[in-house]
Amino acid sequence: MPILNVNETTIYYQSTGKGIPILFIHPPVLNSKNFTYQVKDLSSFFQVITFDIRGHGKSSRSEQSLTYSLIASDMKMILNELGIEKAFLCGYSMGASIALEFMLSYPDRTWGGILLSGLSEVNDWKVRNQMSLGAALASAGGVSSLAFSISWTNADGFPMFYKLFHEAKKGSSKEIKEYYQSGMNYNCTERLSSLMAPILLLNGAKDKHYHPYAKRMMDYLPNREWKLIKHVRHHLPTKTSIEVNDLIKQFIFTHKNKGEESESAAFFPFESQAETSEQLIPL
């Protein structure tokens, strides 16, 4: 089991496949198992890297407070450990905010980002209340209840539910609470104009509460595209994995080949759709 030792904290990570690297970032309570379908499919094309954030899954608790900047620093150390200079990032939900924080903090270490149901700030009462409730439940010792609920809503069937729940219930109440609290206070929107790397925003067409967040990021990001996937809500990695994985392939091969020639283009030749601000992808 690959483990990265950072001071007195151990961070679990996994690298599967070869090629262009993609580093995946999970939201609170969940862990690297959230990207099971991405590892299975995309590792035939890319080097797929997943990890458990401190206090989640197989990673140990942290003496430091869990902040987005600390998680981004851990991500950089994982890339260093693997000898990777640059990677694409794919963050889901609050993990997408961490992807943005990494790209803003270490712009020379990334080729671009994919934001699944992402946000750059929290500016409405509904999402803020959800995060506040998550932090309160974790603080009150309700990690197992959180793990059950979140695993259930993200699962596409009982096998995936069991896989997610088995790891999620191991989470530390301290780090889960701090992850939610960091999300409530985070706002990088006005800094997004400095990101030159390409960004793909993916949302479920039925996840309308998050569409304003995507539109706000679109207003600031200079090199971006936004696509909607029909018939799904928030839980893209598990409930619409085929469409998500295909769009990730298309995005990475297109934009990586813009900067330098890649042998991958010979067997996966997609045309760029970066000028399209919104598309509906049938499920």
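The values are calculated or read from the model by the stated rules, or taken from the named source; none is laboratory data. Model, not experiment: these values are computed from the prediction. As a convention, Cβ positions derive from the backbone with ideal geometry for all residues, glycine included, and neighbour counts pool all protein chains shown. For the accessible areas, the whole protein counts, side chains as well, though only heavy atoms, and no ligand, DNA or RNA atoms are used. Shrake-Rupley method; radii C 1.70, N 1.55, O 1.52, S 1.80 Å.
Scanning the range 180-212 for residues that are part of a helix (DSSP H, G or I), farther than 30 Å from Ala140 by Cα and of a type outside the set (A, V, I, L, M) yields Thr189, Glu190, Arg191, Ser193, Ser194, Lys208, His211, Pro212. Restricting attention to the range 209-227, the residues being under 17 Å from the mean Cα position of the chain (by Cα), open to solvent by 10 Å² or more (accessible area, probe 1.4 Å) and among the aliphatic types (A, V, I, L, M) number 0. Over 16 Å from Pro28 (Cβ atoms) and hydrophobic (A, V, I, L, M, F, W, C): does that describe Ala135? When the stated conditions are applied, Ala135 does not pass them. Taking the range 87-125 as the range and being touching a residue at least 24 places away in the same chain (Cβ under 8 Å) and among the acidic types (Asp, Glu) as the test, the residues that pass are Glu101, Glu121, Asp124. None of Ser139, Ser144, Ser149 is surrounded by fewer than 18 Cβ atoms within 10 Å (Cβ to Cβ), under 20 Å from the mean Cα position of the chain (by Cα), among the small types (Gly, Ala, Ser) and over 19 Å from Tyr213 (Cα atoms) except Ser149.
Restricted to strands (runs of 3 or more DSSP E) entirely inside the range 1-115, those with at least 1 residues that are under 12 Å from the mean Cα position of the chain (by Cα) and at pLDDT 95 or above are 21-25, 47-51, 87-92. Taking the range 1-18 as the range and being among the β-branched types (Val, Ile, Thr) and in contact with a Ser or Thr (Cβ under 8 Å, 6 or more places away or on another chain) as the test, the residues that pass are Ile3, Thr9, Thr10, Ile11, Thr16.
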